[in-house]
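Have a look at the structure below, then the notes.
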Amino acid sequence: MGRVVLNEPAAPGALEPGAAAERLQTLMLTALGHHTDERGRVYYGRLASSDAFAEAESAARALAGARVEGLTARGARLAFWINVYNALVLHGIVRLGVRASVRRVWNFFGRVSYRVGGHVVSLDDVEHGVLRDNRRRPWPPLRPFGAGDPRRALAVRPPDPRFHFAITCGAASCPPVGVYRADAIDTQLDLAARNFVNQEVVLAGERLACSRIFKWYGADFEAAGGLADFLLRHLDDGPARRALAGGVAPCAAWHPYKWTLQHQPAD
């Protein structure tokens, strides 16, 4: 029940990390697209044995040579780790044979891992340790990295809560994902946040109903200036925005979170 490192054996060589992660995520999405039918359902068995997925797995093995300590710019770190996270989620779903929900795989987020540079990182490590700057997980409420863990140096500081709308946990209620680039990261994150907020924050009677992402990670939005201000910046004009601007409390009700696979199986 230990870690499942999906990109071993590692490929030799030293790579520029941003390009390596972009290539990996591009190849993962390409392989997925080649095995998705017109209804949006995925032939996972064919995907797992395809040449396209083999090429993506080769790109994943190359991450072991990524010079992550050279990611000093905040935007470059954000783009790199978002791409790595999303590729790892799909990689884990395919290789662990997930067909219903990642929640049916024991400790999926704590076990499914990549070797990146000189480090092994799980999905939890990337999300909570790096992208959230070592904040506590919702479950269990522990910090991923201890005081002496060298991976603490990889963290994005300060965290940008918009990343929550750029990563997928593999569930139907997760945001859609793409390929993120350092030179466009701010525009891409703003678009992702705006799209998600306008789909998931609605006026239900006299209350604002929201995605549970805002509940689980409320502290992230408060630390970045407050949830109400965040929603006002990203909501288009409409009933929800007008109610919030008029003093209605943000997120007084919550949508059910659908943990079925984001890409349903066709096989």
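The values are calculated or read from the model by the stated rules, or taken from the named source; none is laboratory data. What you are looking at is a predicted structure, and each value in this text was computed from that prediction instead of being measured. Note that we place each Cβ from the backbone using ideal geometry, even for glycine, and neighbour counts take in every protein chain shown. SASA here: full protein model, heavy atoms, side chains in, ligands and nucleic acids out. Shrake-Rupley method; radii C 1.70, N 1.55, O 1.52, S 1.80 Å.
The figures follow:
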{"item": "Where Thr168 falls short, out of the listed (1) within 24 Å of Ala19 (Cα to Cα); (2) out of contact with any Cys (no Cβ under 9 Å at 6 or more places or on another chain)", "result": "(2)"}
{"item": "Among the residues listed as Asp190, Asp220, the single one being under 16 Å from the mean Cα position of the chain (by Cα), surrounded by 16 or more Cβ atoms within 10 Å (Cβ to Cβ), within 21 Å of Pro158 (Cβ to Cβ) and not small (Gly, Ala, Ser)", "result": "Asp220"}
{"item": "The range 191-224: number of residues that are more than 19 Å from Ala166 (Cβ to Cβ) and outside any helix (DSSP H, G or I)", "result": "8"}
{"item": "Residue within the range 246-265 that is in a helix (DSSP H, G or I) and not small (Gly, Ala, Ser) present", "result": "no"}
{"item": "Residue tally, condition open to solvent by 40 Å² or more (accessible area, probe 1.4 Å) and in contact (Cβ under 8 Å) with a residue 40 or more places away in the chain, over the range 239-254", "result": "5"}
{"item": "Cβ pairs under 8 Å, 6+ apart, first in the range 1-30 and touching a residue at least 40 places away in the same chain (Cβ under 8 Å), second assigned to a loop (DSSP other than H, G, I, E, B) and open to solvent by 60 Å² or more (accessible area, probe 1.4 Å)", "result": "Met1/Trp106; Met1/Asn107; Ala14/Arg67; Leu15/Arg67; Glu16/Arg67; Pro17/Arg67; Gly18/Arg181; Glu22/Arg181"}
{"item": "Any hit, the range 75-85, residues being part of a helix (DSSP H, G or I), at pLDDT 95 or above and open to solvent by 30 Å² or more (accessible area, probe 1.4 Å)", "result": "yes"}
{"item": "The range 41-69 - residue that is at pLDDT below 95 and not in a helix (DSSP H, G or I) and, of those, least open to solvent (accessible area, probe 1.4 Å)", "result": "Ala66"}
{"item": "Close pairs from the range 123-144: first within 15 Å of His164 (Cβ to Cβ), partner among the β-branched types (Val, Ile, Thr) and open to solvent by less than 10 Å² (accessible area, probe 1.4 Å), Cβ under 6 Å, at least 6 apart", "result": "Leu123/Val112; Leu131/Val156"}
{"item": "Sole residue being farther than 23 Å from Ala19 by Cα and surrounded by fewer than 23 Cβ atoms within 10 Å (Cβ to Cβ), chosen from Gly146, Gly118", "result": "Gly146"}
